[in-house]
Amino acid sequence: MEKQNYFTVDEANHKIPWLEAVLQDVASLGKNIERLKLDLDNLLRKRSSNGHGDTDQDVADNHKETDAAVGRLRDLAQEISGSGIILRDSERGLVDFPMLWEGREVYLCWVLGESSIQFWHEIDTGFVGRQPLV
């Protein structure tokens, strides 16, 4: 079993600029994947209505672009988790940083847009159990 990586508040705060950049890329990729899905739906509707294969290349190109975007998204999520940070919600940019506090594991909680780590919660309460650090 892999050793758990724990963060201090300072260590977690130090990761925020990097996380902001990565999570903005994640959000952008998510929007791009949604656009590609809509484009594919339109291409498939067009292909079924005209009975021609002239959209085959467009469909193949869409699949290739979607696969590349999904692969990049997977890589970014792995990069986050590989750093010991838990990605909870990629759309909101919600992450948890495992922390040892008074001998037990808790999570420092951060959401894209917050300037620093300001909240924590028990591991079994999640976002709704967020409490201020001070």
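The values are calculated or read from the model by the stated rules, or taken from the named source; none is laboratory data. Note that the coordinates shown come from a computational prediction; the quantities given were computed from them, not determined experimentally. Here the Cβ is made from the backbone with ideal geometry for all residues, glycine too, and neighbour counts use every protein chain on show.
Which pairs have Cβ atoms under 6 Å, sit 6 or more apart or on different chains, and link a residue in the stretch 43-63 that is under 19 Å from I33 (Cα atoms) and modelled with pLDDT under 90 to one that is in a loop (DSSP other than H, G, I, E, B) and of a type outside the set (K, R)?
Hits for this filter: L43/T55.
Would it be correct to say that V106 is in contact (Cβ under 8 Å) with a residue 40 or more places away in the chain and aliphatic (A, V, I, L, M)?
No.
Inside the stretch 121-134, can you point out the residues that are part of a strand (DSSP E or B) and of a type outside the set (S, T, N, Q)?
H121, E122, P132
Restricting attention to the stretch 116-131, does a residue exist that is closer than 19 Å to S28 by Cβ and either touching a strand residue (DSSP E or B) at 6+ places or on another chain (Cβ under 6 Å) or touching a residue at least 40 places away in the same chain (Cβ under 8 Å) (or both)?
no
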